[in-house]
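The values are calculated or read from the model by the stated rules, or taken from the named source; none is laboratory data. This structure is a prediction, so every number in the text was calculated from the model and none was measured. Here the Cβ positions follow ideal geometry from the backbone for every residue, glycine too, while neighbour counts run over all protein chains shown. What goes into the accessible areas is simple: the full protein's heavy atoms, side chains included, and nothing from ligands, DNA or RNA. Shrake-Rupley method; radii C 1.70, N 1.55, O 1.52, S 1.80 Å.
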Amino acid sequence: MLYPQNNFYRHAQKLDGVWMFAKDTSDDGEARGWATQPPAGTIPMPVPAAFNEITEDPDLRDYFGVAWYFVRLEKPDDSPVHKLRFGAAVYHAGVYLNGEKLHQSHLGKLPFEVDLSGKWQEGDNLLAVRIDTRLSWQTVPPGCQKSKRIPDINIEDHQRPEYHFDFLNNGGLLRSVWLLSLPANHLTGITLKTLSQNDQPQGWELCCQATGSCPVQYRILDAKGHEVANANAKQPSSTVTLHPEYPHLWSPDSPYLYSLEITLGSDDRYKTKIGLRCIRVVPDAFLLNGSRIYLRGCATHEDFHLVGQGHNDARLVRDLTMLKNMGANSFRTAHYPYDESAYRLADELGLLVIDETAAVGFNSWTSYPIFSDNRVDEQTLAVHKDMLVRLIERDHMHPSVVMWSIANEPACYEAEAEEYFRQLFELCRASDPECRPTTVVQSSWPESNGKLVSRSAQFCDVICYNRYAAWYFDPGHLEVVEKQSLDEPIAWRQMFPDKPVMITEFGADAIAGMHSSPPVMFSEEYQKETIAAYTRSLDKLSYVVGEHVWNMCDFMTKQGTVRVMGNRKGVHTRDRQPKLAAHFLKERWRRME
Ligand code: GCB
């Protein structure tokens, strides 16, 4: 699926703005005809945004259920094809035009399109979207509803969401909604593979997908707009190769981008930016264009005041420029695919991305088995596979994307996890034309009584793990950090002598403005000292290929005794102001640049 674009052949209009919204607590809106006529008492709701933090309604903040969005649209131009494109409608979404149901999606934070051709009526049209934020063991991420009786306040059978991931279960139209006007024969996708020799990228192999068959012309333009290569193909599915004569490589230090222009007969044209770079993992290094690169940066969240995980250009630009300014060269899209504009900006700025699926929360921390028949099962695996393939299809053209993360911290200590992940790794490698490095971010310890614990680590190209010494283990004991953070990568390496290791999460909560000498938990000093002790250990090991701090910024979570209006492990506050640890990292990473 292509990112929307305006040119002579195609028109893309953002439908963002203030829509009408209604909660449907009893889930009978459809039966009551809401798809044809919004109910009385709708409230205004911005799009894009998560609905959770917009209003003062306490029920909406933690809402786990059905809600509707409505907007009235005029019949648009008379292009032969009209499509709606949703960047992310979380989690399930039913799309209705003038009462007719046209689409049902289960894609959460991945985009989908709805064909509206021939569905318009003259004048006013009602677009209604039924959102369902409820999760189950067959959604990715998983979650469930639990009935709890609270006798003291006389509420019986009170439904509560239960999910094992550490961010607020945001719902709604989280990303832009577009109305696309397209020619009858139009491009629908591009497949790109970088060609390289001896770790030096030389050019690209390309083909495309379209609704009809006709000759295709490919052109590559350099950053000044001069054509540097071209090729013709008889039809979209035929593969062509393109080699610029003097290849200009893409890297964080020099994020050089070419333009790829594809013309489909006389029907359609699409232009996008691409980069020339190659990646390879060897036992002691992550190689970019044949040179070692150490991944320094943060795991992040798409999260901000009021809009929650809703996309916001201001927040995105602040986040990625702030990372760059800290001397970071990379980030992980914890714990879901991000808005497409994040990858486009990462391409421009020169940031490497570990691109993660929405598979988080596949762990009960041993309270009960996860990979079992009545929980994560064949159906969950099918959804996970579908999302993985769509993620690769959406993001594989970005030079910034250097590794896929299939899941964060699943219960890999369970025997059944092995077959589950074997299938996903196989599919990932078969779906990515470039066969990029792939990982599952581990929470399991490397070994227990000399035996390997994780059933998925064997499939990973890079061993990525998360660990919180002196926080969840030995809280308050900063003195253990340096030894523990050295022992663990050594133990991973002993298990897998041919795989490099990367720490994808470490850190500690700090409430901005709390200071303490000697450092105690929740003070800025404690967070900074924890991070500093980790880095002293990591610097000693040549096969450690990266460090990502958890988290770049504080973020909102569900309520609980260990969360102080959210998770405070950000090295910046939720409004993007630095804590002591951010200054420490900036100094360190700039030195490494
Ligand atoms: C983790 C999770 C992350 C949490 C973090 C924490 O291991 O991957 O989602 O937010 O720990 O702060 O507990």
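Things worth noting here:
For (1) at pLDDT 95 or above; (2) under 18 Å from D132 (Cβ atoms); (3) polar (S, T, N, Q), each residue gets a yes or a no:
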position	(1), (2), (3)
Q13	yes, no, yes
D27	yes, yes, no
T36	yes, no, yes
A67	yes, yes, no
K75	no, no, no
H92	yes, yes, no
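- Exclusive hit being in the same structural domain as K579 (by TED's automatic domain parsing), open to solvent by 50 Å² or more (accessible area, probe 1.4 Å), of a type outside the set (G, A, S) and in contact (Cβ under 8 Å) with a residue 60 or more places away in the chain, set P518, P497: P497
- For the stretch 417-429, a residue qualifies if it is open to solvent by less than 20 Å² (accessible area, probe 1.4 Å) and among the aliphatic types (A, V, I, L, M), and the qualifying residues are A417, L424.
- Checked against the criterion of being among the hydroxyl-bearing types (S, T, Y), within 16 Å of the ligand (Cβ to nearest atom) and at pLDDT 95 or above, the candidates S431, S443 yield just one match: S443.
- Looking across the stretch 389-416, the residues that are open to solvent by 10 Å² or more (accessible area, probe 1.4 Å) and acidic (D, E) come down to E393, E409, E414, E416.
- Check on T530, at pLDDT 95 or above and within 14 Å of the ligand (Cβ to nearest atom): yes
- Taking the listed residues D509, D487, D554, the one that is over 24 Å from the mean Cα position of the chain (by Cα) and either assigned by TED's automatic domain parsing to the domain that holds T439 or touching a residue at least 60 places away in the same chain (Cβ under 8 Å) (or both) is D487, with no other qualifying.
Yes/no matrix, rows are residues, columns are (1) touching a residue at least 60 places away in the same chain (Cβ under 8 Å); (2) farther than 30 Å from M387 by Cβ; (3) out of contact with any Leu (no Cβ under 6 Å at 6 or more places or on another chain):
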residue	(1), (2), (3)
A22	no, no, yes
E30	yes, no, yes
E53	yes, no, no
P58	no, yes, yes
G65	yes, no, yes
D77	yes, yes, yes
V81	yes, no, no
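- So V480, is it within 14 Å of the ligand (Cβ to nearest atom), at pLDDT 95 or above and open to solvent by 10 Å² or more (accessible area, probe 1.4 Å): no
- Tally of residues being closer than 21 Å to E113 by Cα and among the basic types (K, R) across the stretch 9-49: 2
- In the stretch 521-533, the residues that are under 10 Å from E482 (Cα atoms) form Cβ pairs under 7 Å with partners that are part of a helix (DSSP H, G or I) and among the polar types (S, T, N, Q), at six or more places apart or across chains, as follows: A533/S485.
- Here the strands (runs of 3 or more DSSP E) wholly within the stretch 282-339 that include at least 1 residues being within 16 Å of the ligand (Cβ to nearest atom) and at pLDDT 95 or above are 295-299, 330-332.
- Residues that are among the small types (G, A, S), in a helix (DSSP H, G or I) and open to solvent by less than 10 Å² (accessible area, probe 1.4 Å) within the stretch 340-357 comprise A342, A346, listed in sequence order.
- Any hit, the stretch 367-388, residues being crowded, with 23+ Cβ neighbours inside 10 Å and within 16 Å of the ligand (Cβ to nearest atom): yes
- Filter result for D474 (over 19 Å from V441 (Cβ atoms), within 16 Å of the ligand (Cβ to nearest atom) and surrounded by fewer than 18 Cβ atoms within 10 Å (Cβ to Cβ)): yes
- G560 being modelled with pLDDT under 95, open to solvent by 10 Å² or more (accessible area, probe 1.4 Å) and not acidic (D, E): yes
- Filter pass, I503 being of a type in the set (V, I, T), open to solvent by less than 20 Å² (accessible area, probe 1.4 Å), within 14 Å of the ligand (Cβ to nearest atom) and at pLDDT 95 or above: yes
- Scan the stretch 257-299 for residues that are β-branched (V, I, T), under 21 Å from the mean Cα position of the chain (by Cα) and open to solvent by less than 10 Å² (accessible area, probe 1.4 Å) and the total you get is 1.
- Conditions (1) part of a strand (DSSP E or B); (2) over 30 Å from N289 (Cα atoms); number of the one not met by S196: (2)
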